[in-house]
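First up is the structure itself, then whatever we jot down about it.
The values are calculated or read from the model by the stated rules, or taken from the named source; none is laboratory data. Remember, predicted model here, so these are calculated numbers, not experimental data. Heads up, the Cβs are rebuilt from the backbone with ideal geometry, glycines too, and the neighbour counts pull from every protein chain shown. These area figures cover heavy atoms from the full protein model, side chains too; ligands, DNA and RNA do not enter into them. Shrake-Rupley method; radii C 1.70, N 1.55, O 1.52, S 1.80 Å.
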Amino acid sequence: NAGVTQTPKFRILKIGQSMTLQCTQDMNHNYMYWYRQDPGMGLKLIYYSVGAGITDKGEVPNGYNVSRSTTEDFPLRLELAAPSQTSVYFCASSWTGDEDTQYFGPGTRLTVL
Amino acid sequence: AQSVTQPDIHITVSEGASLELRCNYSYGATPYLFWYVQSPGQGLQLLLKYFSGDTLVQGIKGFEAEFKRSQSSFNLRKPSVHWSDAAEYFCAVSSGGSYIPTFGRGTSLIVHP
C-alpha cells in the first residue's frame with residue numbers, strides 16, 4: 001500500500017491563480033480530510049468527507065473547495081490564490097471503526113506570491 | 001468543545017537523556033487521545049493512542065504516554081532520547097467516533113549530541 005499520496009510536493013502560485021491539490025489513498029478509507037499547517041499554529045481543518053459524494057466544512061474553509069467523487073480521491077481546489085493561503089497542506093484519511101486515528105500524506109508546500 | 005494545550009513550544013534535551021512532553025486536554029467525557037510525530041518535511045505519523053483500559057500506553061519507537069484523568073493530561077515519555085527523535089510532536093483529542101480530532105500546536109524537540 002502506498003497509503004496517502006499527495007501531489008505536487010511544492011508549488012509557487014501568483015496571486016489570483018488557481019490550482020488543485022491532489023490527494024489519493026489506497027486503503028479504502030471512508031473518511032478523508034484536508035488540513036493546513038502554519039508555523040506554531042498546529043493543524044487547522046479545512047474540509048472533510050465521510051464518504052464519496054459527501055463533504056463538509058471544517059474550521060477554515062474560506063477560499064477552498066473540495067469534491068469527493070470516488071472513495072480514493074479527495075482533491076482540494078484553491079480559487080483566486082491569496083498570500084494568506086501560503087501554507088503546508090496535509091491530506092489525511094481514516095477508516096470506519098477507527099475513525100479518529102488518521103493517516104497522513106507527506107504534504108504540499110504552497111507559496112503564493 | 002474539546003481543546004488541547006501543549007504548553008512547551010520547544011524542548012531541548014541531550015542525547016541519552018529522558019524526555020517528557022506535556023499535553024493537557026479539555027473534554028467533558030472520556031476522550032480519545034493521540035500523539036503524532038512529524039519529522040522535518042514529512043507528514044504526521046501516529047506514535048500511540050489511548051481509547052480506554054490501561055492508562056499507560058506503549059507506542060512505536062520506544063515512546064509511552066500516561067492518561068491521567070484527574071489532571072486532564074496525556075504526557076508523552078521516552079527514557080532515552082536518540083538524535084533521530086528530533087521532530088515536531090503533536091497531541092490530539094477527540095470524542096469517540098467523532099472522527100474530527102483537535103490538534104495541539106505542537107512541541108518541537110531538539111536533541112543535542
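Quick notes on this one:
- Any hit, the range A:20-40, residues being under 20 Å from residue A:8 (Cα atoms), modelled with pLDDT under 95 and more than 14 Å from every other protein chain (Cβ to nearest Cβ): no
- Looking only at the range A:8-28, residues that are of a type in the set (Ser, Thr, Tyr) and not in a loop (DSSP other than H, G, I, E, B) come to 2 in all.
- Residue A:26, sole failed condition from (1) over 12 Å from the mean Cα position of the chain (by Cα); (2) open to solvent by 60 Å² or more (accessible area, probe 1.4 Å); (3) in contact (Cβ under 8 Å) with a residue 24 or more places away in the chain; (4) farther than 25 Å from residue B:98 by Cα: (4)
- Taken over the range A:16-61, the criterion of being closer than 15 Å to residue A:108 by Cβ and of a type in the set (Ser, Thr, Tyr) is satisfied by A:18, A:20, A:24, A:33, A:35, A:47.
- Strands (runs of 3 or more DSSP E) lying entirely in the range B:1-106 (those with 3 or more residues that are surrounded by 14 or more Cβ atoms within 10 Å (Cβ to Cβ)): B:32-38, B:44-50, B:64-68, B:73-78, B:87-94
- Any hit, the range B:87-104, residues being among the small types (Gly, Ala, Ser), without any contact (Cβ under 8 Å) to a residue 40 or more places away in the chain and farther than 21 Å from residue A:99 by Cβ: no
- Considering the range A:59-110, and only residues there that are loosely packed, with under 14 Cβ neighbours inside 10 Å and hydroxyl-bearing (Ser, Thr, Tyr), the residue that is nearest to the other protein chains (Cβ to nearest Cβ) turns out to be A:96.
- The number of residues in the range A:34-53 being in contact (Cβ under 8 Å) with a residue 40 or more places away in the chain, closer than 11 Å to residue B:105 by Cβ and either open to solvent by 50 Å² or more (accessible area, probe 1.4 Å) or not in a loop (DSSP other than H, G, I, E, B) (or both) comes to 2.
- Any chance residue B:19 is of a type in the set (A, V, I, L, M, F, W, C) and farther than 21 Å from residue A:59 by Cβ: yes
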